[in-house]
Amino acid sequence: MDPEKPELPDGDGLSPVLLYGEFTGAQNRRTRFAVRLTERRLSAQRIAAAPAARSQVLHNLEDCVGCRAFAEQDASDSGAYFSAYFYPLRRRWMSSGAARQRVERCFRVASSQDAQLNLAEAERWARAIRQGCSRPRPHRAGTLYDMLPTPGRLLLLLNPHSGKGQGLSLFNSHIQGMLTEAGVPHTLVVTERQNHARELVREADLSQWDAVVIMSGDGLLFEVVNGLMEREDWETAIQTPLGILPGGSGNALAASINHYSGSHAVTGEELLVNCGFLLCKGLVSRLDLASVHMASSQRLFSFLSLAWGFVADVDTESEKYRHVGAARFTLGTLVRLTSLRLYRGRLAYLPAEEPQLQPQSPAEGSPPAHGSSFCSSLLCRPGKASSDQNAAHTLYNSSNSNNATKAKSSESPPAALRGPDDSLLVPLDQPVPGHWTVVKEEEFVLMLAMYQSHLAEDLFAAPESTLSDGLIHLFYVKAGISRAALLRLFLAMEKGVHLTSNCPQLVYVRVRAFRLEPFTPKGVITVDGEVVEYGPVQAQVHNGLGRLVTG
């Protein structure tokens, strides 16, 4: 039904109208709208006798996650409907930022007495709107993208006890409906114990899903990444796109993805909605992973950070404040500042600008790359996602999870030494190569290596980080800084301006690899917020080893 197809003002010009129709509103059948669809927008203009009453509302298709058509429930009524679901950025009250808020536009199609014809027309509009909203957004310079299949089948792993323990209720209130609106089939797994997710992805038939998504803090994704890298077919498995929905207290990777997408900085449920929206859009980019070696020959893979000293202490000691959510880090920082510690050790690194012409010997215990073939054995075989795009299947639901508790290194399963060769590293019992830089100072307040922009929702720690830049952003704070200066540094980090604070004890350098040798007998080292073996450690970044749903 296209009685006319006038051009519609669309940005800086006129855009041809693909579909035109006149429909009533879903709630008020007395109000009629002229509805137009272009490649970029859906417009609805009220039809009224007075020109002043002909208000027009424009909806950008890039803000739309999906559209569905359905019949009138009353069998005596031949009308049909189509509903489009938008999540536009709206200004927040008393804030300069913007967050996504849900808007539904529903129209009633009743151009015929035949219910089937009306439903077919509604389905035509819904199909065209879905096609319009699935077009990829303009790519950002220097970033390569792919798209999840439409519809993409998701394995969604949820830790019910991370953060404030509200993960399941947040999923039900925000994410489940959004996935249904987007027509994304998903299999929900509520984790039951520590390393449950690690074991599952290590053994599962990954061909059943197009992406693995976690809803938790960063710790659950750490399990997933290392579970994938422990597989015999790690080369194929690690190419499975990974998504993250913030449900913990740190949510650093979620905040980084939000930043990379160009969105305003938000926290809490607003960040969750933003990340849910990006997940529905299904844009996939490369993900840098760092290979981390410890003295025991254990090898781990990290997607976020490695910390020693003040930051690691705050992360672990603030566990007792987990019930307050992200504010636990603020409390932990204030407590640790009251008894500031110094840590002795040796730090060395390979600057990013250093030519990499002579590969070094591979790290001890790192075998050649394995071939890639999917593992046929299963920890659990949930079956394929329902053919109904809106179906969600829950495999596990238990309230006795202990995933919220940090693991000591002895509690983690031994990682198989699989993965790419670390050509920039030499064994930990050998001196670093001569072209590396060895830091002269041996007393530190903290050392922090990052590969993403955020250390927490409200800590913009590596403002120069870009998506998959192939860099380790290395920070260290030397001895001599006062408590007040360190506090000012962390307050500046909330806005990402700490690098311009002229703090003489803060050093920042971009590197490809580094080694840390602690001399202080007792201390904490964390990888992606998880406590690991304390002692000598070294790491090398692998550019684009994984894949990440980023929007």
Applying the selection to region 467-481, what residues are at positive phi and either open to solvent by less than 20 Å² (accessible area, probe 1.4 Å) or touching a residue at least 60 places away in the same chain (Cβ under 8 Å) (or both)?
-> 468, 470
Considering residues that are open to solvent by less than 20 Å² (accessible area, probe 1.4 Å), assigned to a strand (DSSP E or B) and among the β-branched types (Val, Ile, Thr), the number found within region 431-464 is 1
What number of residues within region 230-281 satisfy the criterion of being among the small types (Gly, Ala, Ser), farther than 28 Å from residue 292 by Cα and crowded, with 24+ Cβ neighbours inside 10 Å?
-> 1
Need at least 1 residues that are among the basic types (Lys, Arg) and in contact (Cβ under 8 Å) with a residue 24 or more places away in the chain per element, so show me which helices (runs of 4 or more DSSP H) inside region 197-303 make the cut, counting only ones lying wholly within it.
-> 268-281
All positions within region 206-221 that are closer than 16 Å to residue 161 by Cβ and either touching a Phe, Trp or Tyr at 6+ places or on another chain (Cβ under 8 Å) or not hydroxyl-bearing (Ser, Thr, Tyr) (or both) | 214, 215, 217, 218, 219, 220, 221
Go through region 514-551 and give me each residue that's under 24 Å from the mean Cα position of the chain (by Cα) and over 30 Å from residue 149 (Cβ atoms).
-> 525, 526, 527, 529, 530, 531, 532, 539, 540
In region 179-205, which residue that is out of contact with any Phe, Trp or Tyr (no Cβ under 7 Å at 6 or more places or on another chain) and of a type in the set (A, V, I, L, M, F, W, C) is nearest to residue 229 (Cα to Cα)?
-> 201
Per-region count, region 295-345, residues at pLDDT 75 or above and closer than 23 Å to residue 226 by Cβ | 18
Tell me, yes or no, whether region 112-132 has at least one residue that is more than 30 Å from residue 266 (Cα to Cα), touching a helix residue (DSSP H, G or I) at 6+ places or on another chain (Cβ under 8 Å) and either surrounded by 16 or more Cβ atoms within 10 Å (Cβ to Cβ) or modelled with pLDDT of 90 or more (or both).
-> yes
Is at least one residue of region 482-505 open to solvent by 30 Å² or more (accessible area, probe 1.4 Å), more than 21 Å from residue 315 (Cβ to Cβ) and in contact (Cβ under 8 Å) with a residue 40 or more places away in the chain?
-> no
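The values are calculated or read from the model by the stated rules, or taken from the named source; none is laboratory data. All values reported here derive from a predicted model rather than from experimental measurement. For neighbour counting, all protein chains shown are included, and Cβ atoms are generated from backbone atoms with ideal geometry for every residue, glycine included. Each accessible area value is taken on the protein alone, full model and side chains, heavy atoms only, with ligands, DNA and RNA left out. Shrake-Rupley method; radii C 1.70, N 1.55, O 1.52, S 1.80 Å.
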